[in-house]
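> Please find one structure pasted underneath; my questions will follow.
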Amino acid sequence: MSSLYFYNCHIDASMVDNHAYLRMDGIFNILQTMLTEYLKQYAADNIAIRNKYNAAWLITKAMVKINKTPLWGSDITVESYVVQKKSAKIILETIAKDKNKDVLFVAHDEMCPINLEKRRILRLTDIEFDPILLESNYLDNFEMISTDNMKLSDSFNVKYIDIDFTNHTNNVSYIRYIVNDLGLDFFEKYNITKIDVRYLAESRINDKLSIYKNDNGNNVILLIKNDEKEVFLIKVDYINK
């Protein structure tokens, strides 16, 4: 059993923006693939633990620091491994590098297993998961994200294409909502340097979601609500191109 999962990733047309650079949701698609494949090594991916324990992994927080964005057609290497383990949660670190071994982005996902029927957090021992720990040189603390002065930006309904195998809105779908809300003008002007995410609650098909936004000049904070319930929060740091 390996302490890390290694993946050679080709950046294809479905992952890039109008300038052929990897989009935000493309990054999170890669991260979702990496955590799934890493967990498969331990027979602890969502399909395996649902079948055996009626459980699933819940991502609670994510952070991505971006040094450089790869282009369409690039071949990058990505590796994931656990850098922190507590009784009921892990932090998975993922590093993407270009062909010159330069770091493109570094991500951290905080995750815990939950019981699908009772929606309660499980211990790692409840799903017989005991990952090998590796040392991190990149791990930072997750900071508080302020939701002051938020203004309504958009409203929409969750569609069939947005849901995952647990019948909840897929984590990457939330990122796509944010990409669409920020829009073309934003991405024409700015490069993203850091993404800080909180998954606060779940939503389902046909739920009406509303995005609230506050742009602070060097970062923009977006909050998604399901009626009055907060379900998703993100802070996107950016610099001028």
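The values are calculated or read from the model by the stated rules, or taken from the named source; none is laboratory data. All figures in this text were calculated on a predicted structure; none of them were measured in a lab. Here the Cβ is made from the backbone with ideal geometry for all residues, glycine too, and neighbour counts use every protein chain on show.
> Check ASN18 against each of (1) more than 20 Å from ILE175 (Cα to Cα); (2) surrounded by fewer than 16 Cβ atoms within 10 Å (Cβ to Cβ); (3) modelled with pLDDT of 95 or more and name the one condition it does not meet.
With respect to (1) more than 20 Å from ILE175 (Cα to Cα); (2) surrounded by fewer than 16 Cβ atoms within 10 Å (Cβ to Cβ); (3) modelled with pLDDT of 95 or more, ASN18 is out only on (1).
> Which pairs turn up if I take residues in segment 215-241 that are free of Cβ contacts under 8 Å to residues at least 60 places away in the same chain and among the polar types (S, T, N, Q) and look for partners that are in a strand (DSSP E or B) and buried (at least 16 other Cβ atoms within 10 Å of the Cβ) with beta carbon separation below 6 Å, at least 6 apart in sequence or on another chain?
Cβ pairs passing all conditions: ASN219/LYS235; ASN219/ASP237; ASN226/LEU209.
> Please give the strands (runs of 3 or more DSSP E) falling wholly within segment 71-158 in which 2 or more residues are in the same structural domain as ASP45 (by TED's automatic domain parsing), surrounded by 15 or more Cβ atoms within 10 Å (Cβ to Cβ) and of a type in the set (A, V, I, L, M). Before you say what the answer is, go through the steps one by one.
Details: elements: 75-85, 90-97, 103-115, 151-157.
Here the list reads 75-85, 90-97, 103-115.
> Identify the residue in segment 44-55 that is touching a Phe, Trp or Tyr at 6+ places or on another chain (Cβ under 9 Å) and assigned to a loop (DSSP other than H, G, I, E, B) and, among all such residues, is surrounded by the most Cβ atoms within 10 Å (Cβ to Cβ).
Here the residue is ALA44.
> Ok, one more. Go over the candidates ASP215, ASP162, ASP196 one by one and state the one that is out of contact with any helix residue (DSSP H, G or I) (no Cβ under 8 Å at 6 or more places or on another chain) and buried (at least 17 other Cβ atoms within 10 Å of the Cβ). Break it down into steps so the answer makes sense when it comes.
Values: ASP215 fails: buried (at least 17 other Cβ atoms within 10 Å of the Cβ); ASP162 fails: out of contact with any helix residue (DSSP H, G or I) (no Cβ under 8 Å at 6 or more places or on another chain).
Residue meeting the stated conditions: ASP196.
> Another question, then. Out of VAL220, VAL231, report the one residue that is within 24 Å of MET15 (Cβ to Cβ) and at pLDDT 95 or above. Walk me through it before giving the result.
Numbers: VAL231 fails: within 24 Å of MET15 (Cβ to Cβ).
Result of the check over VAL220, VAL231: VAL220.
> Applying the selection to segment 35-88, what residues are small (Gly, Ala, Ser), more than 23 Å from HIS19 (Cβ to Cβ) and over 18 Å from the mean Cα position of the chain (by Cα)? Walk me through it before giving the result.
Taking segment 35-88 as the starting set, the residues that turn out to be small (Gly, Ala, Ser) are 43-44, 48, 55-56, 62, 73-74, 80, 87-88.
Those still in the list that are more than 23 Å from HIS19 (Cβ to Cβ) too: 43-44, 48, 55-56, 62, 80, 87-88.
Across segment 35-88, the qualifying residues are ALA43, ALA44, ALA48, ALA55, SER87, ALA88.
> Moving to a separate point now. What number of residues in segment 178-221 are over 26 Å from PHE165 (Cβ atoms) and outside any helix (DSSP H, G or I)?
Residues in segment 178-221 being over 26 Å from PHE165 (Cβ atoms) and outside any helix (DSSP H, G or I): 16 in total.
> Conditions: (1) closer than 19 Å to LYS61 by Cα; (2) at pLDDT 95 or above; (3) surrounded by fewer than 16 Cβ atoms within 10 Å (Cβ to Cβ). ASP185 meets all but one. Number of the miss?
Of (1) closer than 19 Å to LYS61 by Cα; (2) at pLDDT 95 or above; (3) surrounded by fewer than 16 Cβ atoms within 10 Å (Cβ to Cβ), only one is false for ASP185: (1).
> Same structure, new question: Taking LEU58 and the conditions (1) in contact with a Leu (Cβ under 8 Å, 6 or more places away or on another chain); (2) farther than 28 Å from ASN191 by Cβ; (3) in a strand (DSSP E or B); (4) among the aliphatic types (A, V, I, L, M), which numbered condition does it fall short on, given that it satisfies the others?
With respect to (1) in contact with a Leu (Cβ under 8 Å, 6 or more places away or on another chain); (2) farther than 28 Å from ASN191 by Cβ; (3) in a strand (DSSP E or B); (4) among the aliphatic types (A, V, I, L, M), LEU58 is out only on (1).
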